[in-house]
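These notes are about the structure you will find just below.
The values are calculated or read from the model by the stated rules, or taken from the named source; none is laboratory data. Remember, it's a predicted structure, so these values are computed and weren't measured experimentally. Note that each Cβ is placed from the backbone with ideal geometry, even for glycine, and that neighbours are counted across all protein chains shown. Surface areas here come from the heavy atoms of the whole protein model, side chains and all, with no ligands, DNA or RNA. Shrake-Rupley method; radii C 1.70, N 1.55, O 1.52, S 1.80 Å.
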Amino acid sequence: MSTSSYVHGASVKPLIGQTIGRFFDEACVRNASREALVVRHQNVRLTYGELRQKVDALACSLMRLGLEPGERIGIWSQNNMEWALTQFATAKAGLVLVNINPAYRRSELEYALNKVGCRALVMSPAFKSSNYLEMIGDLAPELAHCEPGLLRSHRLPTLEMVIRMGEGQSPGMLDFNALLRSPTRDELTELALLGERLQFDEAINIQFTS
């Protein structure tokens, strides 16, 4: 049985009673022209204004794919720009981001995805000596023949969407970069309205620990 709790350290400063999405938006408005994200190994430098544009585009795309608030979306990746975008975008879309250890092997990945019922997975193609594409292909060979976003896997029954980072393309997988295309005005309005309904004490992260 799970219970909710608030933990507050030895401070008279109150907790921030805002969602991450709303707090993020306000910070981006205040600091629009200031540098927000630097990823040296990807040669990426984004201002707060640029970061918000990409985050909103990704959040709208996740909603367009049919992902609903409260659903779980895994991320299996090393530190990179895409990871940061996904963290803020899922929070703004009301999704629960499941952090999957980059060192996980097939059995651990299978356990994590099934334990929390991930409907989508954002993943890097590889990291160090781990070939993520090969591992997910072993667990879900159905990817080789399915339409992107319409996976029906025997071993990963809740997983419907695999979103691949990087420049290449893989059968059955959606392209992360394609999800960064500019949203419509109606989509941005829908995202803003959703943000008004979300509550600051709703879950946005699940992290597996040892």
Debye calc, one equal point scatterer per Cα of the range 7-112, no solvent, log10 I(q)/I(0) at q = 0.13, 0.16, 0.21 1/Å comes to -0.60, -0.86, -1.17
Each label sits 7 Å from Cα toward the beta-carbon; between A144 and S33 the label points are separated, in nm, by 5.5 nm
Under the rule rounded for a/c under 1.5, else prolate if a/b exceeds b/c, else oblate, using alpha carbon gyration tensor axes a ≥ b ≥ c, the range 78-128 is classed as oblate
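If I take R0 = 30 Å and measure r between the Cβ atoms of E108 and F23 in this structure, what FRET efficiency does the formula 1/(1 + (r/R0)^6) give, to the nearest 0.05?
Values: r = 33 Å, r/R0 = 1.09.
Calculated transfer efficiency: 0.40.
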Note: F200 to A10 extended length (0.36 nm per residue) minus current alpha-carbon separation gives 66.3 nm
Note: T189 to Q169 extended length (0.36 nm per residue) minus current alpha-carbon separation gives 4.1 nm
Here the percent of antiparallel bridges among DSSP beta bridges lying wholly in the chain, to the nearest 5, is 25 percent
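Could you work out the longest stretch of the chain that avoids the chymotrypsin sites (Phe, Trp or Tyr not before Pro) located in DSSP loops with at most 14 other Cβ atoms within 10 Å?
Within the chain, the longest run free of exposed chymotrypsin sites (Phe, Trp or Tyr not before Pro) spans 7-199.
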In debye to the nearest 20, the charge dipole size for the range 97-210, taken about the Cα centre with +1 at each Lys and Arg Cβ and -1 at each Asp and Glu Cβ, equals 320 debye
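Set the Förster radius R0 to 25 Å, insert the Cβ-Cβ distance between N79 and R152 as r into 1/(1 + (r/R0)^6), and round the FRET efficiency to 0.05. Display every interim value, and only then the final one.
On the way: r = 32 Å, r/R0 = 1.27.
Between N79 and R152 the formula returns 0.20.
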Given a 1.4 Å probe, the accessible area of the chain per residue, as a whole number of Å², is 57 Å²
Taking placed amide H atoms and a strict 5 Å upper bound, the residues 5 or more places from A36 or on another chain that come that close are L46, T47, Y48
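What does the extension gain come out to for F127 and V44, with contour length at 0.36 nm per residue minus their alpha carbon separation?
Result for the pair: 28.0 nm of gain on full extension.
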